[in-house]
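The values are calculated or read from the model by the stated rules, or taken from the named source; none is laboratory data. Worth saying up front: this structure is predicted, and the values here are computed from it rather than measured. Here the Cβ positions follow ideal geometry from the backbone for every residue, glycine too, while neighbour counts run over all protein chains shown. Surface accessibility is based on the protein's heavy atoms, side chains included, excluding ligands, DNA and RNA. Shrake-Rupley method; radii C 1.70, N 1.55, O 1.52, S 1.80 Å.
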Amino acid sequence: MSGVEAFAHFSRRDGELCAEQLTLNGLGDQFGTPCYIYSAAALRDNFDAYTEALSGRDHLVCYAVKACSNIAILQLLAERGAGFDIVSAGELERVLLAGGDPAKVVFSGVAKTAAEMRRALEVGIHCFNVESAAELEVLATVAAELGLRAPVSLRVNPDVDAGTHPYISTGLKENKFGIAIDGAEAIYQRAAELASINVVGVDCHIGSQLTDATPLLDALERLLALVDRLAAQGIELDHIDLGGGLGVRYRDEQPPTADDYLSQVLTRLAGRPQRLVLEPGRSIVANAGVLLTETIYLKQSGDKHFAIVDAAMNDMLRPSLYQAWMALENAATSQAPEHCYDVVGPVCETGDWLAKERLLRVSPGDRLVLFSAGAYGFTMASNYNSRTRAAEVLVDAGRAHLIRARETLADLTRGEQLLGRD
Ligand code: LLP
């Protein structure tokens with residue numbers, strides 16, 4: 001498969017790969033490499049696919065900020081009505097800076113601190129997705145100190161196998177996430193007794209990059225059974241949050257579309273009054289972004305061909321960490337001889353690679369495009385090997401906006417101190 005076919009808004013014209021109307025090589029000239037480039041049209045389309053599928057049903061789509069947290073991207077989604085799923089005080093500040101509505105924020109994560117809870121209560125978030133009995137008690141204390149009632153949903157662990165990579169599977173008993181569904185009722189009872197807690201919902205998130213809706217629907221069935229048991233005990237919930245997890249096409253996966261998936265969810269929710277909350281990340285942003293990198297050297301050792309590029313595992317960790325496959329192509333068609341390349345970066349680790357065994361025509365100086373890089377790309381970047389983090393650019397209707405400047409060498413040592421010597 002040619003990488004570009006799967007990725008709307010990234011297409012080749014006269015041999016040049018483009019983001020919307022702009023050539024990636026032109027963007028590389030303007031902003032340098034490595035550079036993340038996002039398409040605003042793709043972001044909007046992917047978000048709208050959710051809201052259109054849910055029209056006619058009370059819903060809240062809370063974009064998972066961790067997937068790609070640039071404030072311009074959050075702003076674009078907020079303007080389209082998105083809520084946000086956050087996991088830290090840092091993500092909350094990003095949402096607020098971007099003009100996001102705190103009343104549409106859900107706060108997930110196993111280790112919320114009292115300080116984070118306080119800030120979230122002060123700005124009035126939609127709900128805390130509480131992940132343990134211990135967290136519930138701390139939240140109740142913090143809310144009582146502020147004279148507020150904390151809106152709470154329990155994140156239950158429905159014990160279903162998401163059938164995805166073990167590092168991104170979260171819904172099994174052995175995973176650290178959520179409250180075992182069998183023990184949830186007792187904790188709901190406790191929550192209902194606490195004056196500073198307002199029980200509003202239930203949620204789960206069973207994993208990421210799910211290419212089959214079945215585990216998500218199984219999880220929903222288990223949640224609905226719990227909702228019914230709670231109602232029988234006098235605990236009525238306002239919302240059901242199914243988390244994120246819908247997969248995307250990186251190579252030849254065929255995940256359900258948002259519409260396919262949600263029509264099955266809505267069938268199961270028919271006749272129920274609860275609002276549906278979702279926390280999609282990857283399915284909104286993965287295929288709305290690419291990583292542009294320049295080839296520094298070509299190298300051959302024995303039969304092996306390497307294209308050594310200026311992006312590395314510190315810019316894009318997914319191949320190193322999950323052996324992730326993402327499409328990779330030359331930004332322009334090339335007449336160079338075709339070889340089977342490993343595309344590797346400058347970092348001093350054997351695990352530093354972006355793509356392995358790819359047939360490519362490439363010359364030094366050519367720019368290469370790693371597709372599907374919008375989700376868990378920049379947000380997982382680091383300064384390892386004292387490399388400055390990449391620039392981020394958003395293309396929107398023929399205009400390129402620099403939404404994050406490339407870091408400078410001065411940025412690398414900001415906050416560091418030499419020892420005093422007197
Ligand atoms: N909600 C919660 C509570 C989550 O933990 C996550 C992702 C999401 C929503 C969004 O899930 P999505 O729709 O993006 O699947 N770094 C990994 C993915 C880690 C996902 C972590 N949690 C990767 O690059 O594949």
When the residues of segment 333-364 are narrowed to those that are closer than 18 Å to Asn25 by Cβ and open to solvent by less than 20 Å² (accessible area, probe 1.4 Å), which ends up nearest to the ligand (Cβ to nearest atom)? Val343
Which condition number in (1) at positive phi; (2) buried (at least 24 other Cβ atoms within 10 Å of the Cβ); (3) modelled with pLDDT of 95 or more is the one that Leu154 fails? (1)
Given the criteria within 27 Å of Tyr188 (Cβ to Cβ) and not assigned by TED's automatic domain parsing to the domain that holds Gln30, does Glu236 qualify? yes
Only one of Glu122, Glu79 is more than 24 Å from Glu193 (Cβ to Cβ), more than 16 Å from the ligand (Cβ to nearest atom) and over 20 Å from the mean Cα position of the chain (by Cα); which? Glu122
Taking segment 82-115, which residues are within 15 Å of the ligand (Cβ to nearest atom), surrounded by 20 or more Cβ atoms within 10 Å (Cβ to Cβ) and aliphatic (A, V, I, L, M)? Ala82, Ile86, Leu92, Val95, Val105, Val106
Taking segment 377-414 only, how many residues are assigned to a loop (DSSP other than H, G, I, E, B) and over 18 Å from Phe10 (Cβ atoms)? 12
